[in-house]
1. For chain A, calculate the relative contact order in percent as a whole number, restricting contacts to Cα pairs under 8 Å that are 6 or more residues apart.
2. Would you work out what percent of the accessible area of region A:1-128, with all protein chains in place, is carbon or sulfur (probe 1.4 Å)?
3. Rank B:SER59, A:SER221 by accessible area, highest first, at a 1.4 Å probe radius?
4. With every protein chain left in place, what is the accessible area per residue of chain A in square angstrom, probe 1.4 Å?
5. Helix-only mean residue ellipticity at 222 nm, chain A, DSSP H runs n ≥ 4 weighted -39,500 (n - 2.57), per residue, nearest 500. What is it?
6. Rounded, prolate or oblate for region A:1-122? Axes are the square roots of the Cα gyration tensor eigenvalues, ordered a ≥ b ≥ c, and the cut-off for rounded is a/c under 1.5.
7. So what's the projected area for the protein assembly as shown, the Cα convex hull averaged over all directions, in nm²?
8. So how tilted is helix B:67-89 from the main axis of chain B? Cα-based, degrees 0 to 90, rounded to 10.
Amino acid sequence: MISFDVDEKLAQQLERVRTLGREFLRPLGIEADRKGEAIPADHPFFETAWRLGIGRLGPEEDEEERPRSGERTAARRGVVLGEELAYWDRGAAVALPGPGLGAPPIRRMGTPEQRERFFAPFRDPSRPRWGAFAMTEPGAGSDVAAIRTLARKEGDAWVLDGAKTFISNAIRAEWIVVWATVDPSAGRAGHRAFVVEKGTPGLEDMRAEHKMGLVAYESASFTLRHCRVPAENLLGGERYYESRAGFKGAMESFNATRPMVAAMAVGIARAAYDAAREFAREHFLLSRPLPRHRRVAEKLARMARKIEAARLLCWRAASLADAERPNQVEASMAKAFAPAIAQEAAGLAVEVMAEAGVRQDHYVEKLYRDVKAMDIVEGTGQIQRIVVARRLLGYPASG
Amino acid sequence: MIDLRLGPEEEMIRETGQAFARERLRPAMREHERRGSVAAEVVRAYRELGFPTMEAPESFGGQGVSLLSKVVLLEEIGWGDAGAAFALEGAGPGLRALVELGERDLCGDLLADPACYLATIVDFAGRIAVREGRLEGRFPFVPASPKGPVVVLLPEGIFLCREGVRVSRVEGCGLGASGASEVSFDGTPAAATCRDPAALVRSVAHARLFVAALLVGVARAATEYAMRYAQERVAFGRPIAHHQGLAFLLTDMATAVDAARLLLWRAAFAPEAELERLSAWALAEAAEAALFVGPNAVQVLGGHGFMKDHPVEKWMRDIRTLAQLAGGRDEAELVAAECEAR
Ligand SMILES: Cc1cc2nc3c(=O)[nH]c(=O)nc-3n(C[C@H](O)[C@H](O)[C@H](O)COP(=O)(O)OP(=O)(O)OC[C@H]3O[C@@H](n4cnc5c(N)ncnc54)[C@H](O)[C@@H]3O)c2cc1C
C-alpha cells in the first residue's frame, strides 16, 4: 500500500539525528571547512556519539538487516536518515565513526566467521572505530574492472601490491576492504576483496588529499607494498569466487549505497533551499511585488519541486531493496538525478542571496563546494546513465 | 562586410595578454589565492604595459584602443587568473564610472599604487539607498582591497565615496587573489556624483562587459583543461573523450564558451542605443555558459577534479563568484526583459 509516512520508530530516530545535526554536525562541519582540516579522530564528539550508539553496531541493526519476521525496513530508514544527516552536514556525517562503506560487502560477502570478527570492534562501546572501502585507484575509477592492485597467494597469505586513492576515512580505519585482482586480464572475474587491518606491514604512504569541499572527513591515498594479508581475510573465502564473480559482490553493494548517496544529495539540496528561503524572508525578498522578488520566489519553488522529486526516486529505490527486488535501474536513476538537482539547488541558493551567497561565512557557499562530489562518488552521473541505458535501452555493456 | 576575425591590433593585444597570463598569472595562481593578493611586481608589470586604461579617453591615459580590444585582453587575463584581474586593473569594472565622474587624478593615483584598487558596487536591488546625497546600507561582497575608494552604481546615478566608508575583509568562494570586502555606508557623503542616466548606462555596461570577459576567459580555461584531460585519461579501453556521454558534454562546453564570446564582442561594438540590452545579454550568456562549464569541468576529471591538485575546482569557484558580480545573471536577465518591454 502506498504511504508517504514514517513510522514511529523512524520518527524518533529522525528526531535524534536532528538534535545531533544541529548541535554537532553542522558546527563541526563548518569548523573543519574553516580550518581546512578533517575533524580529528580523537575529537570528544566522536567518543560521545559512539557511546550513544551512533555508527556502532548492535543486535538491533542485525535484526533490521535480516529480520526473522515482518518486513525489512533498513534501506528506507537508511535513505531517510541519510538525507537528514547530510542536511546538517554531509562531510561531518561521513566522518562519523562506524564501518561505513565497508559494511555492505562484509555483510553480503563475508562468511559468518568474518562478519563476527570484523564487526566485533564495531560492537565494542569503549572507543569509536572506522571502516573504509577501497576500490578506486589513480588509474581506475569509473572503469572498476581496470583496477591493477595485484593479489598473489603466497602460502597461507595473500600479498597485495598497488595503490588506492580518494578512500574515505582510510587513515583512521580499523580495517579497509581492499579490492584487488588475481589476474588483470580476467577483468571482473579476477576481482577479490580483502580486509586489510590497521597496522598491516606494507600498508604505506597514507596521505590526506586536499579537497574543494567535504573537508570534515579525510579522503586518503595509500600504497600497498608487498602487503601480506592472512588467507582468512579474503572476503567470503575462496569458495565464494568460484561460485560467483567477486565483482558482483561489489556491484551489489553499490545498489545498496547508491540510493543512500542520492538521498544525501537531497539533504544538501534541502539545506540550500532552507538557507535561501530564510535569507529571502529576512530580507523581505518574497513580500514585495517587484520583478526581482518574483524571480526569488520562482527559484525557491523550483528547488522545492526538484527536491521532492529526487527524494521520491530515492524512496522508490530503497523500497525495492527492502522488498528484496532488483533495484539497479531505480538506484541509478536516483543517483543520476539527485546530485544534479542538488548542484542546481546550491547554485540557485547562491543566486537568491546574490553577492552574499559567495561569502564563506554563509553556509550556501560551502554547500556549493561540497555538493559537487555527490555526482562523482559511488559512480559518476555518466556511469549511472550507462547503467540505466543498459536496462532500458539495451545499450551495449562496454559503455 | 561581416567578418568575425580579430583585426591586427586586437590580435596583438590578445597575444600580449595571453603571454602575460601564461607566464605571470598561471604559475602564481595558487600562491596569489593563498595570500589574498597579487604580487606587487606582477601588478607593476601589467600596468607598465599600459593595459588598465587603454580604452579610456586620452586624458585618462587612454590609447585610443577600442572596447573590443579590452574585452579580448580581459578574456586572456581571466584565462590566467580572474581574481588577479581586479588588482591588476586598478579601476577595473569601475573605470567607465570614473570617466563619467571626471575623476582623472583618482585614476592616476590608483595606478600608482600596486596595493590599491577600486571597489565597484553595482546595486539595483535596493541594498544601498541615497538620502540627500548621502549613502546608507551594507553591501555584502565586493572583490577589492580594503584600502581603495568605492564607486557605487545605483538607479539614482553614480557615486564616488572616499571617506566614511566602513570596509571589512571577508572570504569569498573564489577570486581569492583579489581579496574581498564587505562595504558599509552610514550616512556617507559622496565625494562626486553623476546623475546622468546615459552615463549610468555606459558605466554599468562597462562593468558588465568587464565581468563577462573574465567569465569567458575562465570558462575557456576550464574547457581547454577538461578537453585535454579527457583525451589522455583512459577508461573502458579508450580516452574518456571518446565516450559519447562525455564527448557531447565537452562539445557543448566548447560551444557555450564560443557563443558567449561572440555576444561579448557584439556588445563591445554596440551603438549607444543598444548598449544596455547587448551588455546585459553578454553578461547573462557569459554567466550561463560559465556556470555550465565550471561544475562540468570538475565532473570531466571525476574525483581528480574535486582535489586541489588540479585547477578546475578553483575555476568552478571563481566562476560562481564572478557570476554574482555587476548585478550577476539575474539583474542582466531582468534588464534584458525590460528592454523587450520598452
Ligand atoms: C570525496 C570523494 C570520496 C571518495 N571516496 C571513495 C571511497 O571511499 N572509496 C573508493 O573506492 N573511492 C572513493 N572515491 C572515488 C570515486 O569513487 C571515483 O572518483 C569515481 O568513481 C570516479 O572515478 P575517477 O575519479 O577515476 O574518474 P574517471 O573514471 O577517470 O572519470 C572521469 C570522467 O569520465 C567519465 N566517464 C568515464 N567513463 C565513461 C563512459 N564510459 N562514458 C561517459 N563518461 C565516462 C566520468 O563520468 C567522469 O566524468 C571518492 C571520491 C571523492 C571525490
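The values are calculated or read from the model by the stated rules, or taken from the named source; none is laboratory data. As the structure is a prediction and not an experimental result, all values here were calculated from the model. Virtual Cβ from ideal backbone geometry, glycine too; neighbours counted across all protein chains shown. Calculation scope for accessible area: heavy atoms of the full protein, side chains included, ligands and nucleic acids excluded. Shrake-Rupley method; radii C 1.70, N 1.55, O 1.52, S 1.80 Å.
1. Values: 700 pairs, mean separation 65.8, N = 399.
Here the relative contact order equals 16 percent.
2. Values: 3610 of 6700 Å².
In region A:1-128, the share of accessible area belonging to carbon and sulfur is 54 percent.
3. Numbers: B:SER59 70, A:SER221 5 Å².
So the residues, ranked largest to smallest area, are B:SER59, A:SER221.
4. Details: 16950 Å² over 399 residues.
Averaged over the residues of chain A, the accessible area is 42 Å².
5. On the way: 13 runs with 198 residues, N = 399.
Rounded to the nearest 500, it is -16500 deg cm²/dmol.
6. Numbers: a/c = 2.21, a/b = 1.27, b/c = 1.74.
It is oblate, given that a/c is not under 1.5 and a/b is not larger than b/c.
7. Values: hull surface 136.1 nm².
The number I arrive at for the protein assembly as shown is 34.0 nm².
8. 90 degrees
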